[in-house]
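Student: Below is the structure I would like to discuss, written out as structure tokens.
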Amino acid sequence: MLRGVRGATTVTANNREEIFERVAELLSEIARENAIVTEDIGAVIFSSTPDLNSAFPAAGARKLGWIQVPLFGTQEIECTDALPLCIRVLILWNTDAQQQDIKHVYLHDAVVLRQDIKL
């Protein structure tokens, strides 16, 4: 069965290394919370707000060692009430886990996106 695992994080500036660090932190936390191994991932979709253009979030996943995982990146629309400096992720995960057992992860300022989720 295919399940979606969501998450998001923010950075403090449009900085390549910080983008890589925050993506690695986010993916590691999602994998840890859900016991995900990369061999079970069908694909990962990243989006980032228009104010982030110094690095592709997917490159952060590659630096983390997610070499064989298909990765895709896109840009969020420019919206006046959007959370700035934000990176979102959708992991398509092959698992038998029930939908209610999936743990979505929101870090740093991105916690405001899903205040109903607590780690």
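Student: Could you list all residues from the range 70-119 that are hydroxyl-bearing (Ser, Thr, Tyr) and surrounded by 14 or more Cβ atoms within 10 Å (Cβ to Cβ)?
Tutor: Filtering the range 70-119 down to residues hydroxyl-bearing (Ser, Thr, Tyr) leaves 74, 80, 95, 106.
Within the range 70-119, 95, 106 meet the criteria.
Student: Taking residue 8 as meeting all but one of (1) in a helix (DSSP H, G or I); (2) in contact with a Cys (Cβ under 8 Å, 6 or more places away or on another chain); (3) of a type outside the set (Ser, Thr, Tyr), write down the number of the exception.
Tutor: (1)
Student: Mind counting the residues in the range 19-38 that are farther than 19 Å from residue 99 by Cβ and either touching a residue at least 24 places away in the same chain (Cβ under 8 Å) or hydroxyl-bearing (Ser, Thr, Tyr) (or both)? Before you say what the answer is, go through the steps one by one.
Tutor: Restricting attention to the range 19-38, the residues satisfying the condition of being farther than 19 Å from residue 99 by Cβ are 19-29, 32, 37-38.
Cutting the leftovers down to either touching a residue at least 24 places away in the same chain (Cβ under 8 Å) or hydroxyl-bearing (Ser, Thr, Tyr) (or both) gives us 19-29, 38.
Summing the residues that are farther than 19 Å from residue 99 by Cβ and either touching a residue at least 24 places away in the same chain (Cβ under 8 Å) or hydroxyl-bearing (Ser, Thr, Tyr) (or both) in the range 19-38 gives 12.
Student: Considering 113, 83, which residue is touching a residue at least 24 places away in the same chain (Cβ under 8 Å), within 12 Å of residue 9 (Cβ to Cβ), part of a loop (DSSP other than H, G, I, E, B) and not β-branched (Val, Ile, Thr)? So that I can check it myself, show each step before the final result.
Tutor: On the way: 113 fails: part of a loop (DSSP other than H, G, I, E, B).
From the options 113, 83, the qualifying one is 83.
Student: So which of 7, 60, 65 is over 21 Å from residue 101 (Cα atoms), crowded, with 19+ Cβ neighbours inside 10 Å and small (Gly, Ala, Ser)?
Tutor: On the way: 7 fails: over 21 Å from residue 101 (Cα atoms); 65 fails: crowded, with 19+ Cβ neighbours inside 10 Å.
Testing whether each residue is over 21 Å from residue 101 (Cα atoms), crowded, with 19+ Cβ neighbours inside 10 Å and small (Gly, Ala, Ser) leaves just 60.
Student: Out of 73, 42, report the one residue that is within 28 Å of residue 98 (Cβ to Cβ) and among the small types (Gly, Ala, Ser).
Tutor: Numbers: 73 fails: within 28 Å of residue 98 (Cβ to Cβ).
Unique residue meeting the criteria: 42.
Student: Please specify each residue of the range 39-51 satisfying the condition of being crowded, with 17+ Cβ neighbours inside 10 Å and without any contact (Cβ under 8 Å) to a residue 40 or more places away in the chain.
Tutor: 49
Student: Considering only residues that are in a loop (DSSP other than H, G, I, E, B) and either in contact with a Lys or Arg (Cβ under 6 Å, 6 or more places away or on another chain) or among the aromatic types (Phe, Trp, Tyr) (or both), which ones fall in the range 59-80? I'd like the intermediate steps shown before the answer.
Tutor: We begin by selecting, within the range 59-80, every residue in a loop (DSSP other than H, G, I, E, B); these are 65-70, 76-80.
Listed by number, the list holds a single entry, 66.
Student: Spot the failing condition for residue 14; the list is (1) in contact (Cβ under 8 Å) with a residue 60 or more places away in the chain; (2) assigned to a loop (DSSP other than H, G, I, E, B); (3) buried (at least 19 other Cβ atoms within 10 Å of the Cβ), and only one is missed.
Tutor: (3)
Values quoted throughout were computed directly from the atomic coordinates according to the rules given, and no laboratory measurement underlies them. No experiment lies behind these values; they were computed from the predicted model shown. Don't worry about glycine lacking a Cβ; one is built from the backbone with ideal geometry, like all the others, and counts go over all protein chains shown.
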